[in-house]
């Protein structure tokens, strides 16, 4: 009786295991998001500057043939700019005036004094709005005095992504290179009031030279349907069924 039960259990487990393995793919058909990075390019800007490269910067388009296995029915839905590293450097001029500041304060104002730089990149969408990255924090060494003084700028950041820009329609950007026509920097002083700043001087352009240097690329955002993994599912279920059969045999 016991041996007959064990044999019946053994024969019944394999179809059940295969049934489980066939059900696994069907449970994973919800859309998922994937990301594809392009190679990065270097850039550099000076002061509050808009840089137009002599030739447009070209990035590869979204490449469907390079997607990981199992990323089926991929559709490009947006893109981001990716900045793996960026550095703030150069020199700014600061001046404070305790006669025009309310409430008044005494100069010199010691440093370091905070500043930010905000980068914007041309959209890959024709006629689209510029895409800005989060502000990069830095500092100016100081002090600020009643006459303009030259002060070193420092700051850096890494692994920055812009907000996803949606693409409608997605078709023109798939497997087709895209071009970028400009990028620009906007500097801002964020310290106490009453301090004037100069990030790219007109009288002393070589002495006052706020610089942003870094790398950037495109990260494509796409939706896909996870592909079925029947071999993996069957293998996992078969291993589970072997363990269960061994337990039943030991019990009998």
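None of the figures in this text is laboratory data; all of them are computed from the coordinates on show. What you are looking at is a predicted structure, and each value in this text was computed from that prediction instead of being measured. Here the Cβ positions follow ideal geometry from the backbone for every residue, glycine too, while neighbour counts run over all protein chains shown.
So between residue 67 and residue 147, what do we pick up on full extension, going 0.36 nm a residue minus the alpha carbon distance?
Working: separation 80, 0.36 × 80 = 28.80 nm, distance 5.84 nm.
That works out to 23.0 nm of additional length.
Just for segment 31-226, what percent of DSSP beta bridges are antiparallel, to the closest 5? Could the numbers behind the result be given before it?
Values: 68 of 70 bridges.
Once the DSSP bridges in segment 31-226 are tallied, antiparallel ones form about 95 percent.
Want the number for residue 219 to residue 97: 0.36 nm per residue separation, take away the alpha-carbon distance, what's left?
Here the segment from residue 219 to residue 97 would lengthen by 39.3 nm.
What distance in nm separates the simple spin-label points at residue 154 and residue 31, each placed 7 Å from Cα in the Cβ direction?
Each label point is offset 7 Å from its Cα along the Cβ direction, giving 4.7 nm.
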